[in-house]
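Remarks on the structure that follows.
Just so it is clear, none of the values below were taken in a lab; they were calculated from the coordinates. Predicted, not measured: the structure shown is a model, and the values here were computed from it. Cβ atoms come from the backbone with ideal geometry, glycine included; neighbour counts cover every protein chain shown.
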Amino acid sequence: MSQPSPVDTMEHTHPHTNPGAPEPLASPVSESAREFLETLTRVVLEVLAGVRDIDQIARWVSDDVYKNLSARVTLSSRARQVTGQRVLRPTFCIGRTVLSEPLPGVIEGVVIVHGKARSRAVALRLEHLGTRWRASAITVL
């Protein structure tokens, strides 16, 4: 049986958060995608928490993703108003990031985020447009 190719199993972890973990792959595409995935995950969680304006990520996400996030932001804002919760910057750290490239120019990834009370997974699909990445799907679990 053959070994899976690195493209099929591009696992990226941070050695400082997981001792003995494999080093990230050094390919420019996967490295730029990993950095973008992690940054976009941070920003999306801040948007959902109400501490960052959704318009700040408009150019980095597709119209459908923007609409879905916008609806979720509205619901979160209403829930905070009803319960009287203050808007607080979320405290979390990025854990493991796993990438795969199902098609050329398309990266699918999962970023594990560890917060004080719980850990979450954020699944993203990126499409390479010219010189940058754009998220065509984001799901926060």
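Counting beta carbons within 10 Å around each of LYS116, LYS67 and listing the fewest first gives the order LYS116, LYS67. Working note: Karplus 6.51/-1.76/1.60 with θ = phi - 60° gives segment 33-43 the couplings 5, 4, 4, 5, 4, 5, 5, 5, 4, 4, 5 Hz, where Gly and Pro are set to x. Kirkwood hydrodynamic radius of segment 96-141, from the reciprocal of the average inverse Cα-Cα distance over all distinct pairs: 11.3 Å.
If R0 equals 22 Å, the separation of the Cβ atoms of ALA117 and GLU31 corresponds to a calculated FRET efficiency of about 0.10. For ALA137, the residues 5 or more places off, or on other chains, whose built amide H falls under 5 Å of its own are ARG125.
Cβ crowding within 10 Å, taken as a proxy for footprinting-reagent exposure, orders VAL87, VAL65, VAL73 from fewest neighbours to most as VAL87, VAL73, VAL65. Full extension of the chain segment joining SER62 with THR39 gains 6.6 nm, where the gain is 0.36 nm per residue of separation less the Cα-Cα distance. Ranked by how many other Cβ atoms sit within 10 Å of their own Cβ, fewest first, the residues ILE57, ILE138 fall in the order ILE57, ILE138.
A simple rule links phi to the HN-Hα coupling: the Karplus curve 6.51 cos²θ - 1.76 cosθ + 1.60 with θ = phi - 60°, which for segment 101-113 gives 10, x, 9, x, x, 10, 10, 10, x, 10, 10, 8, 10 Hz, with x for Gly and Pro.
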